[in-house]
């Protein structure tokens with residue numbers, strides 16, 4: 001595979017939005033989704049970035065994603081709501097769920113928005129961070145199709161379900177964003193595309209045999225991080241997101257790269273906790289920021305990398321951002337192919 005290149009982020013955003021508009025996405029929904037995908041690439045999360053766009057386009061064209069849907073509130077109990085995403089673009093409906101949660105938490109002290117019939121929304125941390133930047137604690141989770149076995153099992157029974165928790169600090173929030181597998185499926189897919197092996201302990205074949213072959217891992221099952229602990233967290237995310245929303249649980253959620261005519265069927269849970277009333281927000285932020293700094297300046301082990309707290313890596317990438325975004329050659333090639341098929345002009349900065 002050829003090396004990554006660096007391209008103007010604003011050009012990538014407009015190009016991605018144009019591709020989405022070409023298959024029927026309203027301009028606002030296209031722009032928001034494109035921004036989220038490019039932001040993931042800027043933060044170094046290529047597995048949640050523009051490499052996902054060709055799949056989004058295919059699903060829109062085959063009818064399993066409605067690019068115009070923004071989500072409909074179907075249950076409203078004040079601080080507790082259910083949003084039917086209507087198989088809309090995941091970034092769009094998750095953004096709306098966050099906006100609702102932030103507003104209702106300000107009114108009620110806490111808000112829980114359960115989302116059903118949702119599509120892939122990229123990085124969960126983006127949405128938890130949005131809530132934290134509003135001065136509240138954000139908790140965001142989603143379920144995926146089964147990819148992890150129970151301890152001792154060889155069959156995938158729970159999803160590699162992401163969980164993000166973000167707390168405000170008065171500056172850049174502390175953002176924990178993790179999936180429950182030892183290694184993310186997107187990273188395994190990237191390794192497969194590059195012909196690289198994956199680390200030991202990330203996956204096993206469908207027969208329960210450990211493997212470092214990325215292609216075999218995708219056909220088999222991912223292993224949960226920390227064994228039974230990761231499995232237990234994944235199980236609970238399924239029951240909280242899918243169970244509370246009356247949405248998909250376990251095998252009700254379809255493979256993201258499976259039959260693109262079938263709705264994905266994911267579920268999300270978005271929570272916002274108002275700090276004011278428990279203690280002054282500024283006091284909490286001072287404690288959180290001070291604790292984070294204490295950890296960053298704690299004694300390192302010999303030869304270890306700089307000590308970080310959750311969210312630091314992405315925050316550092318945003319600070320380094322100079323207007324340009326690294327993009328794998330194969331991802332850009334796939335986007336150019338889609339543009340030629342859809343009759344969308346390829347910007348000169350992204351030309352062959």
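General remarks:
- Scan of the range 140-163 for residues that are closer than 16 Å to residue 231 by Cα and assigned to a strand (DSSP E or B), ordered by number: 141, 142, 146, 147, 148, 149, 156, 157, 158, 159, 163
- Every residue from the range 42-53 that is closer than 9 Å to residue 331 by Cβ and surrounded by fewer than 23 Cβ atoms within 10 Å (Cβ to Cβ): 46, 53
- A count restricted to the range 318-352 and to residues that are within 25 Å of the chain's Cα centre (by Cα), without any contact (Cβ under 8 Å) to a residue 12 or more places away in the chain and not in a helix (DSSP H, G or I) stands at 1.
- Looking across the range 38-74, the residues that are over 28 Å from residue 9 (Cα atoms), in a strand (DSSP E or B) and either out of contact with any strand residue (DSSP E or B) (no Cβ under 8 Å at 6 or more places or on another chain) or without any contact (Cβ under 8 Å) to a residue 24 or more places away in the chain (or both) come down to 72, 74.
- Residue 232 being under 25 Å from residue 114 (Cα atoms) and either outside any strand (DSSP E or B) or in contact (Cβ under 8 Å) with a residue 60 or more places away in the chain (or both): yes
- Of all residues in the range 250-259 being over 18 Å from the mean Cα position of the chain (by Cα) and part of a loop (DSSP other than H, G, I, E, B), the one that is modelled with the highest pLDDT: 259
- Members of the range 313-334 found to be surrounded by 16 or more Cβ atoms within 10 Å (Cβ to Cβ) and at positive phi, listed by number: none
- The residue list 134, 184 contains one member that is at pLDDT below 95 and either outside the structural domain of residue 332 (by TED's automatic domain parsing) or surrounded by fewer than 24 Cβ atoms within 10 Å (Cβ to Cβ) (or both), which is 184.
- Here the range 138-156 is the region considered, the condition is being in contact with a helix residue (DSSP H, G or I) (Cβ under 7 Å, 6 or more places away or on another chain) and either over 18 Å from residue 216 (Cα atoms) or without any contact (Cβ under 8 Å) to a residue 12 or more places away in the chain (or both), and the residue that is surrounded by the fewest Cβ atoms within 10 Å (Cβ to Cβ) is 151.
- Boolean, residue 90 is in contact (Cβ under 8 Å) with a residue 12 or more places away in the chain, within 17 Å of the chain's Cα centre (by Cα) and on the phi > 0 side of the Ramachandran plot: no
- Which numbered condition residue 241 misses (of (1) buried (at least 20 other Cβ atoms within 10 Å of the Cβ); (2) at pLDDT below 95): (2)
- Look at (1) surrounded by 24 or more Cβ atoms within 10 Å (Cβ to Cβ); (2) more than 16 Å from residue 234 (Cα to Cα); (3) touching a residue at least 60 places away in the same chain (Cβ under 8 Å); (4) over 13 Å from the mean Cα position of the chain (by Cα) and you find that residue 104 fails only one, number (1).
- Which listed residue is more than 28 Å from residue 78 (Cα to Cα), assigned by TED's automatic domain parsing to the domain that holds residue 177 and touching a strand residue (DSSP E or B) at 6+ places or on another chain (Cβ under 9 Å), from 259, 238, 312: 312
The values are calculated or read from the model by the stated rules, or taken from the named source; none is laboratory data. As the structure is a computational prediction, the values presented were derived from the model and not from experiment. No Cβ is skipped: glycine too gets one built from the backbone with ideal geometry, and neighbour counts run over all protein chains shown.
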